[in-house]
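Visitor: Okay, here's the structure, questions in a sec.
Since every read-out is calculated from the coordinates, none of them should be taken as a lab result. What you see is a predicted model, and the numbers here were worked out from it, not measured in a lab. We place every Cβ from the backbone using ideal geometry, glycine too, and count neighbours over all the protein chains shown.
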Amino acid sequence: MLRNSQTGVVLALLFAASMWFYVARILVPYQRADAVAHQRPRGNLSDLYPRWLGARELLLHHLNPYSLEVTREIQVGYYGRELDPHYERDPKDQQAFAYPAYVAFLLAPTLGLPFEAVMTGFKWVLILLTATSVLLWLRTVDWHPDVAMKSILLILTLGSFPAIQGFKLQQLSLVVAGLVAGSAALLVSKHFFAAGILLSLSTIKPQLVLPLMLCLLLWTVSDWSHRQRFFWGFVLGMAALVGGAEIVLPGWIGDFLAATRDYRRYTGGKSLLDTLLSPSVGRVAALAALLLLLAVAWRFRRAELGSREFSLLLATTLAITLIVIPMFAPYNQLLLLPAILLVVREWPELWKNGALSKAACVLTVAIMGWPWFAALGLTLASLTIPAASVERGWAVPLYTSLGIPLVILAQLASLLARVERD
């Protein structure tokens with residue numbers, strides 16, 4: 001599909017449209033009906049709202065966004081009422097303000113607007129940022145496909161379940177993914193200082209970028225004389241963010257750490273490996289994955305900007321991050337973009353690398369393609385089958401979600417092995 005431009009674009013549009021239809025006309029109606037049946041408040045489903053309201057209370061009314069008072073206000077706005085801890089059917093997610101306080105600075109320009117207007121504008125910002133991140137990652141990995149291929153990649157990205165889920169939920173993970181892509185693109189363009197500043201902004205969700213920060217720190221000190229401006233840009237950015245937050249909310253770091261612990265408690269705090277294996281085995285597997293990442297970071301610590309080794313360093317770091325962080329959500333998979341682009345670019349070589357590699361390629365296509373094929377099947381079924389019956393298959397396109405980071409990581413391992421052989 002990806003090698004035939006006209007067929008590829010048409011099929012990409014068909015798959016993307018089917019995924020949007022599945023989410024809007026099958027998944028969301030099912031979730032609404034399920035919430036009503038179980039008398040569970042559904043909320044406005046905007047991840048932005050708790051952060052926006054917390055930022056407004058902090059910057060405009062000088063209230064602590066981590067306080068119980070603000071948490072109750074958030075719940076009333078998000079769920080329509082305060083949650084009752086004694087009512088078993090109430091959601092477990094308290095929707096408390098569990099971000100670093102300096103996220104308020106990024107949201108400050110919107111605080112004087114009604115939230116309905118902010119929601120509408122933010123959705124389009126996320127769509128534009130996600131589309132731009134595809135182009136930025138193409139530049140970072142030094143791949144310059146033709147217009148048709150770029151169109152296919154853009155359409156499939158914007159029509160993927162992780163992206164659509166992120167748009168619908170107004171997820172700040174998509175902002176982080178865009179900031180990381182921008183920082184990487186600035187790095188390969190040798191705008192070190194600006195790249196460091198942009199990476200510091202991405203720490204509004206620190207769990208998503210901490211491994212990348214550490215790997216890039218090792219990469220920086222390995223050629224300090226040429227790369228130190230990246231370090232100083234990052235340090236200056238963090239100093240401004242953390243210091244500015246300390247000015248408006250003294251002692252916020254302790255409140256943030258407490259909010260983070262509470263968040264992990266009421267959401268479960270399981271990684272992808274914990275979910276697939278068990279918490280105890282998952283921790284061992286996560287440690288092994290981090291040791292692998294350390295080995296890759298050390299091996300490529302002197303990698304030149306724009307090289308295959310540097311691209312693999314970034315892609316592997318982000319892919320391993322997704323399987324070890326203490327949460328799993330499909331929208332975070334947009335951080336897999338550099339890895340996916342590398343795999344697509346190197347697909348002919350991967351396919352020719354023996355029977356085992358061919359089997360891995362088939363498995364990758366099956367797991368990656370399943371959500372689109374399943375969404376297309378449900379879309380076609382909805383033309384002749386009653387909506388209530390189709391909605392019962394709401395989970396089918398999500399069957400392979402847990403496997404996507406793993407198959408991509410397996411393909412990255414093959415690419416890493418090729419680098420060692422070369």
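Visitor: For residues in the stretch 64-82 being among the hydrophobic types (A, V, I, L, M, F, W, C) and in contact (Cβ under 8 Å) with a residue 12 or more places away in the chain, which is surrounded by the fewest Cβ atoms within 10 Å (Cβ to Cβ)? Spell out the reasoning first.
Guide: Here is the first cut: in the stretch 64-82, the residues among the hydrophobic types (A, V, I, L, M, F, W, C) are 68, 70, 74, 76.
Going one step further and asking which of them are in contact (Cβ under 8 Å) with a residue 12 or more places away in the chain, we end up with 70, 74.
Values: V70: 21, I74: 23.
Of everything passing the filter in the stretch 64-82, V70 is surrounded by the fewest Cβ atoms within 10 Å (Cβ to Cβ).
Visitor: List the number of the failed condition for H61; all other conditions in (1) of a type outside the set (V, I, T); (2) assigned to a loop (DSSP other than H, G, I, E, B); (3) in contact (Cβ under 8 Å) with a residue 40 or more places away in the chain hold.
Guide: With respect to (1) of a type outside the set (V, I, T); (2) assigned to a loop (DSSP other than H, G, I, E, B); (3) in contact (Cβ under 8 Å) with a residue 40 or more places away in the chain, H61 is out only on (3).
Visitor: Further question: Just one of I164, I197 is more than 16 Å from L337 (Cα to Cα), in a helix (DSSP H, G or I) and in contact with a Phe, Trp or Tyr (Cβ under 9 Å, 6 or more places away or on another chain); which is it?
Guide: On the way: I164 fails: more than 16 Å from L337 (Cα to Cα).
The unique qualifying residue is I197.
The rows are residues; the columns are (1) in a loop (DSSP other than H, G, I, E, B); (2) in contact (Cβ under 8 Å) with a residue 12 or more places away in the chain; (3) under 24 Å from M149 (Cβ atoms).
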position	(1), (2), (3)
I323	no, yes, no
A339	no, yes, yes
C361	no, yes, yes
I367	no, yes, yes
W372	no, yes, yes
A375	no, yes, yes
I385	yes, no, no
S389	no, no, no
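Visitor: Look at I325 and say whether it is closer than 17 Å to S414 by Cβ, of a type in the set (V, I, T) and within 18 Å of the chain's Cα centre (by Cα).
Guide: Criteria not met by I325.
Visitor: Let me ask something additional. Kindly provide the set of residues from the stretch 213-230 that are crowded, with 22+ Cβ neighbours inside 10 Å and within 20 Å of the chain's Cα centre (by Cα), ordered by number.
Guide: Selection gives C215, L216.
Visitor: Pick out the one residue from A131, A98 that is surrounded by fewer than 21 Cβ atoms within 10 Å (Cβ to Cβ) and either among the hydrophobic types (A, V, I, L, M, F, W, C) or closer than 25 Å to L199 by Cβ (or both).
Guide: Of A131, A98, the one residue that is surrounded by fewer than 21 Cβ atoms within 10 Å (Cβ to Cβ) and either among the hydrophobic types (A, V, I, L, M, F, W, C) or closer than 25 Å to L199 by Cβ (or both) is A131.
Visitor: A follow-up question, please. Which pairs do you get when a residue that is among the basic types (K, R), found in the stretch 200-223, comes within reach of a residue that is assigned to a helix (DSSP H, G or I), reach meaning Cβ atoms under 6 angstrom, with the pair 6+ apart or on two chains?
Guide: K205/V176
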